[in-house]
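Heads up, the thing below is written out as structure tokens.
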Amino acid sequence: MNKKENEIIDNLFTDLLMVEIPSGEIELRDDRTKQKWIVKINPFLLAKFPVTQDLYFEITKEEPSTFKGKGYPVETVTWKEAVSFCNKLSIRSGLNPYYIINEEKEEVVYDVTADGFRLPTEAEWEYACNAGTTGIRYGDLNSIAWFKDNSSMTTHAVGQKAPNPWGLYDMLGNVWEWCSDIYDEAVYGSYRIFRGGGWADDERSVMATTRRRSHPLKFKIDDLGFRIAKNK
């Protein structure tokens with residue numbers, strides 16, 4: 001990687017755009033099964049913004065998004081494409097890839113000791129989204145999120161709405177965000193979870209607790225992107 005490429009990466013993604021999330025715990029719930037469970041959270045780093053089209057193109061040389069725009073979140077990407085991006089960004093940054101991808105078996109496993117970029121777990125995602133608040137959202141929806149009532153039915157450049165108390169932008173609305181977890185393997189197989197609501201969703205769907213899931217290799221849609229995390 002030459003000096004110019006290094007400067008591009010430094011400008012697009014630096015430690016200043018990562019937020020240190022403190023340790024804690026969170027109670028998750030599944031409205032389908034009515035189950036609740038407690039998850040302990042170790043300190044980790046989470047990006048202030050969803051991955052943008054600019055950064056995605058710089059790393060992958062691909063432009064999958066339906067809605068094109070500088071600074072807009074990348075969308076129309078599968079879970080597999082999101083984790084592949086994480087590995088490529090890790091390599092470009094001189095870090096050890098977090099994901100071990102077996103293309104032949106269509107299998108992805110994690111190296112939890114790796115220092116590379118990854119997707120957040122859904123517990124990490126919801127904990128960071130809440131940022132110490134206790135409601136279904138961290139603020140007035142119109143002020144913090146692009147959703148069906150105010151989006152004009154399109155995505156918007158990241159960072160235009162108010163952040164949560166920990167300085168994270170667009171945690172709700174704009175695009176849903178892939179998480180690392182399998183939803184319910186016994187019922188849905190390899191389906192992965194996504195969180196946060198998107199530009200096309202009604203108010204009732206754009207909450208910190210809303211959980212959705214789909215196929216990691218096949219499902220991609222114009223209101224689903226991702227945000228990256230990293231072990232501390």
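The values are calculated or read from the model by the stated rules, or taken from the named source; none is laboratory data. What you see is a predicted model; the values in this text were computed from it and never measured. Note that we place each Cβ from the backbone using ideal geometry, even for glycine, and neighbour counts take in every protein chain shown. For the accessible areas, the whole protein counts, side chains as well, though only heavy atoms, and no ligand, DNA or RNA atoms are used. Shrake-Rupley method; radii C 1.70, N 1.55, O 1.52, S 1.80 Å.
Couple of notes before you dig in:
- Every residue from the stretch 193-229 that is in a loop (DSSP other than H, G, I, E, B) and within 9 Å of Trp176 (Cα to Cα): Gly196, Gly197, Gly198, Trp199, Asp223, Phe226
- The requirement of being out of contact with any Pro (no Cβ under 6 Å at 6 or more places or on another chain), within 15 Å of Phe226 (Cβ to Cβ), among the polar types (S, T, N, Q) and not in a loop (DSSP other than H, G, I, E, B) is fulfilled somewhere in the stretch 165-184, by at least one residue.
- Residue check for Thr60: of a type in the set (Val, Ile, Thr), modelled with pLDDT under 95 and either open to solvent by 60 Å² or more (accessible area, probe 1.4 Å) or more than 20 Å from Trp199 (Cβ to Cβ) (or both): no
- Among the candidates Gly116, Gly132, Gly71, Gly159, residue that is small (Gly, Ala, Ser), open to solvent by 10 Å² or more (accessible area, probe 1.4 Å), touching a residue at least 12 places away in the same chain (Cβ under 8 Å) and in contact with a Ser or Thr (Cβ under 8 Å, 6 or more places away or on another chain): Gly71
- Evaluation of Pro43 against (1) exposed (fewer than 13 other Cβ atoms within 10 Å of the Cβ); (2) free of Cβ contacts under 8 Å to residues at least 24 places away in the same chain (one fails), failing number: (2)
- Residue match in the stretch 80-90 (condition: at pLDDT 95 or above and at positive phi): no
- Scan the stretch 28-63 for residues that are within 19 Å of Asn87 (Cβ to Cβ), in contact with a Lys or Arg (Cβ under 8 Å, 6 or more places away or on another chain) and assigned to a loop (DSSP other than H, G, I, E, B) and the total you get is 2.
- Enumeration of residues in the stretch 100-113 that are surrounded by 13 or more Cβ atoms within 10 Å (Cβ to Cβ) and assigned to a loop (DSSP other than H, G, I, E, B): Asp111
- Restricting Gly189, Gly173, Gly196 to residues that are open to solvent by 20 Å² or more (accessible area, probe 1.4 Å) and at positive phi narrows the list to Gly189.
- Within the stretch 217-232, restricting attention to residues that are of a type outside the set (A, V, I, L, M, F, W, C) and farther than 15 Å from Val74 by Cα, the residue that is most open to solvent (accessible area, probe 1.4 Å) is Lys218.
- Every residue from the stretch 135-156 that is in contact with an Asp or Glu (Cβ under 8 Å, 6 or more places away or on another chain) and open to solvent by less than 40 Å² (accessible area, probe 1.4 Å): Leu141, Ala145, Trp146, Phe147, Thr155
- Residue selected from the stretch 76-97 under the condition in contact (Cβ under 8 Å) with a residue 60 or more places away in the chain, assigned to a loop (DSSP other than H, G, I, E, B) and not aliphatic (A, V, I, L, M), by the criterion most open to solvent (accessible area, probe 1.4 Å): Ser93
- Candidates Ser214, Ser205, Ser180 - the one that is within 14 Å of the chain's Cα centre (by Cα), open to solvent by less than 20 Å² (accessible area, probe 1.4 Å) and hydroxyl-bearing (Ser, Thr, Tyr): Ser180
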